[in-house]
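The structure appears below as structure tokens.
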Amino acid sequence: MANRILFFNNGSQGAESIAREVTLDLTAMTAATTWMYDGNRASQTLGDVQRLWNGNTFITYSNTGVMHEVNASGTLLQSITFSSGGGVGYMSKRQSLYGAPTKQSPP
């Protein structure tokens, strides 16, 4: 049974959005933050986070059209900004554009 949850916290209006991972202790019925990324961006709606096959994390700030890829220590590796100024919705990063998506197992 998985005991980790990775989620995108939109934050309140004007506040930055946070990607956060919590680990659940199913015996003690507690949760603790074990990983967090603050990209100094905000997305009041939508927004997404995906743990990649290589252990990096892909964060989408949908409303502002910005995507970040960070490593396990939270170092920004790649930033993509859509110049249209509009939102992008949800995103998914794949290892290859060809063939069916590969099954991703948790790191």
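The values are calculated or read from the model by the stated rules, or taken from the named source; none is laboratory data. Given the structure is predicted, the values throughout are model-derived calculations rather than measurements. Cβ coordinates were reconstructed from backbone atoms using ideal geometry, including for glycine residues, and neighbour counts include every protein chain displayed. Just so you know, the surface numbers come from the protein's heavy atoms only, side chains and all, with ligands and any DNA or RNA stripped out. Shrake-Rupley method; radii C 1.70, N 1.55, O 1.52, S 1.80 Å.
All other residues whose Cβ lies under 9 angstrom from that of PHE7 are scored, Lys and Arg at +1 and Asp and Glu at -1, for a net of 0.
Ignoring ligands, DNA and RNA, what percent of the accessible area of the stretch 37-88 is carbon or sulfur (1.4 Å)?
Whole-percent figure for carbon plus sulfur exposure: 48.
Restrict the search to the stretch 1-75; then list the GluC sites (Glu not before Pro) that DSSP places in a loop and that have at most 15 other Cβ atoms within 10 Å of their Cβ. Taking the stretch 1-75 and a limit of 15 other Cβ atoms within 10 Å, the loop GluC sites (Glu not before Pro) found are GLU16.
Find how much the distance from THR23 to LEU6 grows on full extension, using 0.36 nm per residue of separation minus their present alpha carbon separation; answer in nm with one decimal. It would help to have the intermediate numbers written out before the result.
On the way: separation 17, 0.36 × 17 = 6.12 nm, distance 0.90 nm.
Difference between extended and current length: 5.2 nm.
Subtracting the Cα-Cα distance of SER83 and GLU16 from their residue separation scaled by 0.36 nm leaves 22.1 nm.
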